[in-house]
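Structure first, commentary second.
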Amino acid sequence: MISLLLLSLFGCTKTEGILLHFDGPIAAAIVPQGSTVFDEPVGLIANQRSGVIVPVDLKAGRLLSLSKTASFLRAPALPTGQDRLLGDVEVYVDPEGGATVWATDTGAPSVLRIPWYSLDDSGEPVLDTAAAGDAMFVDVDGTGDDAVLADVVVRDGFTTTEDWSVSYDGARWWAEGSASGPQTSEPFAGAPWVSDHGELGFTLSGSATAGDRFEIHTDTGLVEIPSEDVVIDLLVVGDEVWGSYSDATGSGINVWDAATGELRRTVQFSPGTGAGRMVLADVDGVDTVFVADSRLAQVHRVDVATGTEGDLIPAAGAVVDLAYSAGYDVNGAPFTHLFIAPLALNRVDVYDPVLNLPVDPNPLTPETDGVFLGSPVSGLAASIGSVWQQKTTTWGARPRVPAVAVSTSDGYVFQLDGSTGCAVTDLRGPHGPNQLWSTSDAYVSLNDIGPTSDSALWIDSYSGEQATFSNCGGVAQTETWTITYEAASTSWTVEGNHSGFQERHALDDVRYLSDDGAISFLIVSGALPPTDGDQFLLSVDSGLLTIKGVDSNVDGTIDDALVFPGRPAAFDYTVGPTGGGWDETDRREMLLLPLTDVDKAARIELDGGKAEVEWQ
């Protein structure tokens, strides 16, 4: 664990107006586990509106603290400047154990490389501290003014690398930082002054005339590295940092040396493309980076060793995000899948990059596409390991398979089975009315329009269901099915309010299967035959495992919704005994999820299917 000596580098003073936590959390990154000085997982959250990167203790569910005895002492944030529009964030841990944070500035064609800590000879981390150069007075008109800027103060966790100008207009002084922007507070001669968010402090004295100014440079080691254009996404690949960019004519990837920031090479894509989010994969023993194309219906694949682009992977539309999942299915068979979220289609498709073929979760339909999720996808993240499923097998066991988490713009987090692409369901799964679950959940009976009829929907005595549903979660949607008798054809028409009219008609005493295999039922004929217009209205719940907010007081009601979640970041940790014994160590699969619009972040437990902790 980090030494308590580091506490001397931290302050707990609060300057009025300083944003200590989140202001537009836009992206999350996980510090590589097992390669740092932290005993437990640590995350970083980049804030778009404040330009601050905040470290959080993922297991403890609080802002990162470096003290075991004073947890209220938060670790310093990594400021980049209030005027920056942060995008993605990544962490590189060098072979010596030091950490460097990389971030994108969506308002400039550059990336930011920010030293976080290095290790001293005893293996203890040392944080880089903020410093200020000498203030230089520029007497513009050469009148011999004697203004002095003294008592300069910088603060770790607030100050960043930038050039400050303190200028006099003949009536008052104005302060402005190259990364912090113009300051609203006015420096007065003879009074200590502090910038709006605590980046810089000083005291002015002496006289000046209009146009005179002070120039002062503050430094935290942050370096702004130029790029071909605005960088969209970052990815740490070994000792390199890859950054995707797009411009008016095309797109590509800049590859920097993670330790020095030196540009090693550029991978250029074809004109008209739009390189977006990236994911690293081991495809049949070859390290590969898959790159979403935000303009064209395709995914790029780049060989890490050679930096060359391979065959394009077709997609159903421009691609929002990607995730790579590999492992073993419930039967022990290996799989390698790339999950692709096409723009505006409200679903996630699956591709096998080894076989170079799409994966069809539902072979009963002629189309090969993923399962419908009902809202545009915000981001994807593959679990670190396997995740416990909620719905048990016929034998009462809970399967455990790799999963891909999906955040959607309407405030939900879903899970997809990494081996099949099907959505993960809750314990009950897709269902209709069922009195075995609730006595108030009345079964569907015939709406008898004409002469008396006594047809009925058969009820399975074991499950209590009037219908059975596709084994692939997400194929059966939440909707109402209308089953209407048509005398002219002596059959029943079937329509779902989302699935539409079905080509197949239902017949008495013959089990029916909808066109896409979502629902199956049996209409049992009675002594009194059906007549034209007789109808069943069967409401179905998809039974998808959906995470939609935090139940703070554990009363079964969501207290804080996941308002417009961003791209999740996956991590895991263990709880319970680790020193041997009979009890198995409990490993938990988790997500860190930024919530941009409400200035919060959530910790999601994939195994339990719930949001546990919320930072704000």
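Ordering 348-356, 519-527, 497-505 by mean Cβ neighbour count within 10 Å, with the highest value first, yields 348-356, 519-527, 497-505.
Distances between placed amide hydrogens fall under 5 Å for residue 371 paired with 348, all partners being 5 or more residues away or on another chain. Taking each pair of distinct Cα atoms in segment 322-435 once, what is the resulting Kirkwood hydrodynamic radius in Å? Evaluated on segment 322-435, it is 14.7 Å.
Three principal axis extents describe the C-alpha atoms of segment 231-273; from largest down they are 32, 16, 13 Å.
Taking Cα centre as origin and charging only the Cβ of basic (Lys, Arg, +1) and acidic (Asp, Glu, -1) residues, the dipole magnitude of the chain rounds to 960 debye. Between residue 191 and residue 217, full extension at 0.36 nm per residue minus the direct alpha carbon distance yields a gain of 7.3 nm.
Here the average projected area of the convex hull drawn through the C-alpha atoms of segment 53-195 stands at 12.5 nm². Based on every Cα atom in segment 131-220, Rg and the maximum pairwise Cα distance Dmax equal 12.2, 39 Å.
The Cα atoms of the chain cover 111, 59, 52 Å along the three principal axes, with the biggest extent listed first.
Rounded to the nearest angstrom and listed largest first, the equivalent-ellipsoid semi-axes of segment 456-540 from its Cα gyration tensor are 21, 16, 10. Per residue, the convex hull spanned by the alpha carbons of segment 242-352 comes to 115 Å³.
Over segment 219-290, what relative contact order in percent results from Cα pairs under 8 Å that are six or more residues apart? Don't skip to the end; give the middle numbers.
Working: 140 pairs, mean separation 17.8, N = 72.
It rounds to 25 percent for segment 219-290.
Near residue 497, within a Cβ-to-Cβ distance under 14 Å, what is the net charge of the other residues, with Lys and Arg +1 and Asp and Glu -1?
On the way: positive: none; negative: 479, 495, 541.
Its environment carries a net charge of -3.
Since every read-out is calculated from the coordinates, none of them should be taken as a lab result. What you are looking at is a predicted structure, and each value in this text was computed from that prediction instead of being measured. Ideal geometry is used to build each Cβ from the backbone, glycine not excepted, and the neighbour counts take in all protein chains shown.
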